[in-house]
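Okay, structure first, notes after.
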Amino acid sequence: REIADRVTTKVAFSQLTDDEIEDYIETGEPLHVAGGFTLDGFGSPFIPSIEGDYTNVVGLSMPFLRSAMSQLGYSWPDVRKMG
């Protein structure tokens, strides 16, 4: 079976000075993460707000995963027991 859907999350990113951009790049963080920033790392001071699912930004939307697994006939406790 195949399940397809999308989860959207709006991330507000602040205006950065040239010095802030250079410093952030020097951390190496934006070069090693999807989207070039993280909500829980050196990029976090530049993100004043998000609208939507936090877990969607940091990796995989957990509410979507729960819904998808349910569509496949698994309860959330079943998923935990699989791991």
What ranking of M69, M62, M82 comes out by heavy-atom accessible area, probe 1.4 Å, highest first? M82, M62, M69
Based on Cα positions only, what radius of gyration and what Dmax would you give for the stretch 21-83, in angstroms? 16.0, 49
Dipole size in debye (nearest 20) for the chain around its Cα centre, Lys and Arg Cβ +1, Asp and Glu Cβ -1? 900
Can you tell me the length gained on complete extension of the stretch R1 to S14, counting 0.36 nm per residue apart and subtracting the Cα distance? 0.6 nm
Multiply the residue gap between S67 and D40 by 0.36 nm, knock off their C-alpha separation, and tell me the result in nm, one decimal place. 7.2 nm
Quick one: net charge of S14's neighbours, Cβ under 15 Å, K/R +1, D/E -1? -3
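The values are calculated or read from the model by the stated rules, or taken from the named source; none is laboratory data. Just so it is clear, the model here is predicted, and its values are computed rather than measured. We place every Cβ from the backbone using ideal geometry, glycine too, and count neighbours over all the protein chains shown. Each accessible area value is taken on the protein alone, full model and side chains, heavy atoms only, with ligands, DNA and RNA left out. Shrake-Rupley method; radii C 1.70, N 1.55, O 1.52, S 1.80 Å.
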